[in-house]
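The values are calculated or read from the model by the stated rules, or taken from the named source; none is laboratory data. Just so it is clear, the model here is predicted, and its values are computed rather than measured. Quick reminder, even Gly has a Cβ in these numbers, built from the backbone with ideal geometry, and neighbours come from all protein chains shown.
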Amino acid sequence: MAWTTSGLYAATWVDALDATRCLLDLSLTTHKVAVYTGGTPNFHGNGDTAYTTTNEVVGAGYTAGGLVLTGLSPAISDVGNVAIIKYTHTAASWATATMAGCVGAIWYADANTAGNGVADALIVGINFGGTYTSTAGTFTITPSGSGIFTITVGN
């Protein structure tokens, strides 16, 4: 089955709200993004919870596990009666990469250990909306101005 949607991984977010478990810190400088060629992410509470190499892209210039994110910037802005939490980072690039069939990416907490809940806890998966290839060129994921994701809290 094809990767057709994007979403937050529910199990990680439930654990993040339980201070005895995951303790997810969105500003850590060890979070990574990995690129995938297929599969069907399961964002549900009993679904995917940790990074895996299954369906991860393989190619010159790409290392299994993905790339460490830089410029992480979780931020909160107030808009009327709601707060908007935005998660973003600087562009993630693989230089001189040969990567074929790229359909999506998964952001995960690489520094999370089993003692804090789930090792390599999944944060968000994004469907690229198409299939992309790079042949000995630069493959870049650039967050939109709205970030990788936003959460609106309030009434």
Is it true that A16 is under 17 Å from T150 (Cβ atoms) and at pLDDT below 80? yes
So which residues in segment 44-64 are in contact (Cβ under 8 Å) with a residue 40 or more places away in the chain and either outside any loop (DSSP other than H, G, I, E, B) or farther than 14 Å from A136 by Cα (or both), if there are any at all? D48, T49, A50, Y51, V57
Return only the number of the condition from (1) touching a residue at least 40 places away in the same chain (Cβ under 8 Å); (2) surrounded by 16 or more Cβ atoms within 10 Å (Cβ to Cβ); (3) over 27 Å from T152 (Cα atoms) that T98 does not satisfy. (1)
Among the residues that make up segment 70-79, is at least one of them surrounded by 16 or more Cβ atoms within 10 Å (Cβ to Cβ), at pLDDT 90 or above and either within 24 Å of T4 (Cβ to Cβ) or not basic (K, R) (or both)? no
Of the listed residues (G47, G117), the one being surrounded by fewer than 19 Cβ atoms within 10 Å (Cβ to Cβ) and modelled with pLDDT under 85 is G47
Out of (1) in a strand (DSSP E or B); (2) buried (at least 17 other Cβ atoms within 10 Å of the Cβ); (3) modelled with pLDDT under 95, the one L24 does not meet is (1)
Subset of segment 65-99 [hydroxyl-bearing (S, T, Y), more than 25 Å from V118 (Cβ to Cβ) and in a loop (DSSP other than H, G, I, E, B)]: T90
For segment 137-155: of the residues being among the hydrophobic types (A, V, I, L, M, F, W, C) and at pLDDT 95 or above, which is nearest to T88 (Cα to Cα)? I141
Test set (1) at pLDDT below 95; (2) at positive phi; (3) of a type in the set (S, T, N, Q); (4) surrounded by 15 or more Cβ atoms within 10 Å (Cβ to Cβ) - T52 fails condition number: (2)
